[in-house]
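First the structure, in the form of structure tokens, and then the observations on it.
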Amino acid sequence: MEEILGEGRFLELVRDGQWEFVRRKNISGIVVIVAVTEARELVLVEQARPAVRGRVIELPAGLAGDQGEETLDVAARRELLEETGYVAERWERLCDATPSPGLCAEVVTFFRATGLKRGGPGGGDETEEITVHRMPIAGADAWLRARVAAGLLIDEKVYVGLHFAG
């Protein structure tokens, strides 16, 4: 039987038997976008993440359903434009994955976006300070190592994105 041990505005700490985990409130899913340019670059975002006390390189991503009824497809399109300023001609739903199943109840849905064109400024909404990067897929290892050497963290989903970028 589930028991809510504590809750904040966006999260709840849950106990189910002997297991404790975190669950997001009021969302229908999480989307992650593998956006690939015609020049074979993976579009990435960089932003501060207080939980790890640093800046993190990530794939564009976000919550679905936190703005009312919203499908995962619609959320993916909204997040790509909001965070990066790109719109995509072609979309493909890739897979569902659990980024940290021992800690949280999150299931993320990966999408590949291609045929990218500028559609806005990007940089996130009023609560975000996002820097957009285009990383050459062919030089990904060196590019990522240079960012780590500069003190940035790399979200694990970037490596999944490289797999799906092909």
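Taken together, the values in this text are just the output of simple stated rules run on the coordinates, not laboratory data. All figures in this text were calculated on a predicted structure; none of them were measured in a lab. For neighbour counting, all protein chains shown are included, and Cβ atoms are generated from backbone atoms with ideal geometry for every residue, glycine included.
Below are the figures for this structure:
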read-out	value
Among 89-102, 17-30, the order from most to least packed when residues are scored by Cβ within 10 Å on average	17-30, 89-102
Semi-axes of the equivalent ellipsoid for the range 28-165, Cα gyration tensor, largest first, Å	21, 18, 15
The range 15-127, relative contact order [Cα under 8 Å, separation at least 6], %	32 percent
Rounded tilt (10° steps) of 140-149 against the dominant C-alpha axis of the chain	60 degrees
The range 50-99, relative contact order in percent, only Cα pairs under 8 angstrom and at least six apart counted	26 percent
C-alpha long axis of helix 72-84 to longest principal axis of the chain, angle in °	60 degrees
Segment residue 145-residue 51, length gained on full extension (0.36 nm per residue, minus Cα span)	31.6 nm
Segments 109-117, 77-85, 1-9, 132-140 sorted - mean Cβ within 10 Å per residue, highest first	77-85, 109-117, 132-140, 1-9
Check: the chain dipole with +1 on Lys, Arg Cβ and -1 on Asp, Glu Cβ, in debye	620 debye
MRE, 222 nm, helices only [DSSP H, n ≥ 4, -39500 (n - 2.57), over the chain, to nearest 500]	-6000 deg cm²/dmol
